[in-house]
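Below is one structure, written out as structure tokens; the observations come after it.
The values are calculated or read from the model by the stated rules, or taken from the named source; none is laboratory data. Nothing here was measured: the structure is a model prediction, and the numbers come from that model. Positions of Cβ are generated from backbone atoms using ideal geometry, with glycine treated the same way; all protein chains shown enter the neighbour counts. When the accessible area is computed, the model is the full protein with side chains, heavy atoms only, and any ligands, DNA or RNA have been set aside. Shrake-Rupley method; radii C 1.70, N 1.55, O 1.52, S 1.80 Å.
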Amino acid sequence: MDKDDSQKSILDQIKSLWNSLPEFIKLLGTILSIAIALKALFPAAVVEISNFNANPDIIEPGGSSILNWDVSGANNITIEPGIGAVSSNGSLSVFPSETTTYKMIANGDKGEKIALCTVTVQKESQSPLLISSFDASPDSIKAGESATLNWHVTGASNVNIEPDIGVSEP
């Protein structure tokens, strides 16, 4: 092959490549269009924590509780303090030595959600919260008349009665 044939061959290859370029661009455009359509048809799931609770939520010292959760649309789910990464649904026994609020953080393509649940460790000397009675006398009044509220509560340092009554002793 002489020098002219070699240059002609290279020139033919460049022309062939140049002529096929519009086809390549069409193919690339088609692939991108399909990718955009799939993203529109199947958007990223919204992060949702449909359940995060503790059972029981009040325990005695040395007792245990079971955390239960159900999350959808998340890529990364963690529970603090001291637990770390977890799957999208499950349960786990916890043995807190003091009242602990657990924080679930779920991250996904569509954002972040946070949920809290508290396991209360009841002190040995603490009596359980109990509303023995709550009533009004008389139980029916007309506008401008008054009634007396009566209650008996144990296991609380104060009682908040709403609306408009406020904080009072048990």
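Checked against (1) open to solvent by 80 Å² or more (accessible area, probe 1.4 Å); (2) at pLDDT 95 or above; (3) of a type in the set (A, V, I, L, M, F, W, C), residue 131 passes all but a single condition, namely (2).
Right, residue 88: polar (S, T, N, Q) and touching a residue at least 12 places away in the same chain (Cβ under 8 Å) or not? Yes; evaluated as a whole, the condition is true for this residue. Among the residues of region 103-159, those that are among the hydroxyl-bearing types (Ser, Thr, Tyr) and outside any loop (DSSP other than H, G, I, E, B) comprise 118, 120, 132, 133, 137, 148, 154.
With respect to the conditions (1) open to solvent by 70 Å² or more (accessible area, probe 1.4 Å); (2) free of Cβ contacts under 8 Å to residues at least 24 places away in the same chain, residue 70 lacks only one, and its number is (1). Would region 53-66 turn up any residue that is outside any loop (DSSP other than H, G, I, E, B), open to solvent by less than 90 Å² (accessible area, probe 1.4 Å) and free of Cβ contacts under 8 Å to residues at least 60 places away in the same chain? So far as region 53-66 goes, yes, one or more of its residues are outside any loop (DSSP other than H, G, I, E, B), open to solvent by less than 90 Å² (accessible area, probe 1.4 Å) and free of Cβ contacts under 8 Å to residues at least 60 places away in the same chain.
Here region 73-92 is the region considered, the condition is being open to solvent by 60 Å² or more (accessible area, probe 1.4 Å) and in a strand (DSSP E or B), and the residue that is nearest to residue 46 (Cα to Cα) is 76.
Just wondering, is there one or more residues in region 69-90 that are within 30 Å of residue 129 (Cβ to Cβ), out of contact with any Gly (no Cβ under 7 Å at 6 or more places or on another chain) and among the polar types (S, T, N, Q)? For region 69-90, residues within 30 Å of residue 129 (Cβ to Cβ), out of contact with any Gly (no Cβ under 7 Å at 6 or more places or on another chain) and among the polar types (S, T, N, Q): absent.
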